[in-house]
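A short write-up of the structure that comes next.
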Amino acid sequence: MKLIAPSILSANFLNLENELKQIEKGGGDLIHCDIMDGHFVPNLTFGPVVLKKIGEISNLPLDIHLMVREPEKFIPMFFPLKPKYLTIHLEAVTHLHRLIVSIKEQGIQAGVSINPATPVGHLSEILEFVDLVLVMTVNPGFGGQTFIDSSLRKIKELNRLKNDKKYAFVIEVDGGVTKNNISMISEAGCDIFVAGAAIFGTDIIQETKLLKTLVNKQ
C-alpha cells in the first residue's frame with residue numbers, strides 16, 4: 001500500500017483543524033510537516049508547539065521534515081511528539097550517522113533527505129541505516145513549485161539500490177506532486193507521496209481520495 005502525506009505547508013492555518021479532518025476523511029495516511037528555519041531554506045514555518053496541537057486534533061501520524069541548519073539542535077524538540085518519521089537533510093549535517101542513530105534510539109523512524117542537485121551516490125554509506133529516503137523534487141523552501149522531471153532518475157536509482165541491496169527504507173517524494181504526474185512517480189518506485197497545493201485549496205477529501213486511488217491501482 002502506497003501512502004499519501006498531505007503537506008500542511010499549503011493548508012489554511014485559520015481553518016487547520018477542519019482541513020486536517022478532511023484529510024482523514026479522504027484517506028490521507030500521514031501529515032507532512034516542513035520545519036524551516038530561514039537559513040537552510042529561505043522561509044520560516046512553524047515548530048513543535050504547533051505540531052503538538054496538531055497531534056491533539058488529528059489521529060494521523062506526523063511525518064516531520066527538518067529543513068534546518070544544525071539539525072542536531074532541533075531534533076530533541078520533536079522527540080516528545082513521537083512522529084512516525086523524523087527526516088533530516090544530508091546537506092545540513094556533518095555527523096549524519098550519529099543523528100540517525102539518535103533518532104532511532106527514541107523509537108522514531110529516521111529519514112534522510114536530498115536536494116535536487118545532490119546525487120543519490122552521496123547516500124551510499126547511510127542507506128542501510130535509514131528507514132526513509134526523501135527525494136526533494138523541487139528546490140526546498142516554498143510550496144506550489146513545479147516538479148523537476150530529472151528527479152525521476154533519482155527515484156529509479158534509489159529503488160534499484162533498495163532492491164539490489166535488500167535495504168528496508170521507503171522512498172518519499174516531496175515537491176510538485178499532482179494528479180497528472182503521481183502515477184509516473186509511483187511507477188519510478190516512490191512509496192510515500194507528499195502533496196500540498198494538489199490537495200489544499202481544492203476539495204480536500206476528493207483530491208486526497210483521487211491521489212490515493214491513482215497510486216494504488218492494480
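Miscellaneous remarks
- Segment 164-199 - residue that is assigned to a helix (DSSP H, G or I) and without any contact (Cβ under 8 Å) to a residue 24 or more places away in the chain and, of those, nearest to the chain's Cα centre (by Cα): E187
- Only one of the numbered conditions (1) closer than 21 Å to K179 by Cβ; (2) touching a residue at least 60 places away in the same chain (Cβ under 8 Å) is not met by I31, and that is (2).
- Filter pass, E157 being under 23 Å from N43 (Cα atoms) and modelled with pLDDT of 95 or more: no
- Taking segment 1-100 as the region of interest, the strands (runs of 3 or more DSSP E) fully inside it that hold 1 or more residues being crowded, with 21+ Cβ neighbours inside 10 Å, of a type in the set (A, V, I, L, M) and touching a Cys at 6+ places or on another chain (Cβ under 6 Å) are 62-67.
- Residues of segment 19-69 that are more than 13 Å from the chain's Cα centre (by Cα) and among the acidic types (D, E): E19, E24, D37, E56.
- Within segment 100-119, tally of residues that are within 16 Å of V41 (Cβ to Cβ) and either within 17 Å of the chain's Cα centre (by Cα) or of a type in the set (V, I, T) (or both): 5
The values are calculated or read from the model by the stated rules, or taken from the named source; none is laboratory data. Fair warning: this is a prediction, and the values are worked out from it, not measured in the lab. When we count neighbours, we look across all protein chains shown, and the Cβ atoms used for this are built from the backbone with ideal geometry, even at glycine.
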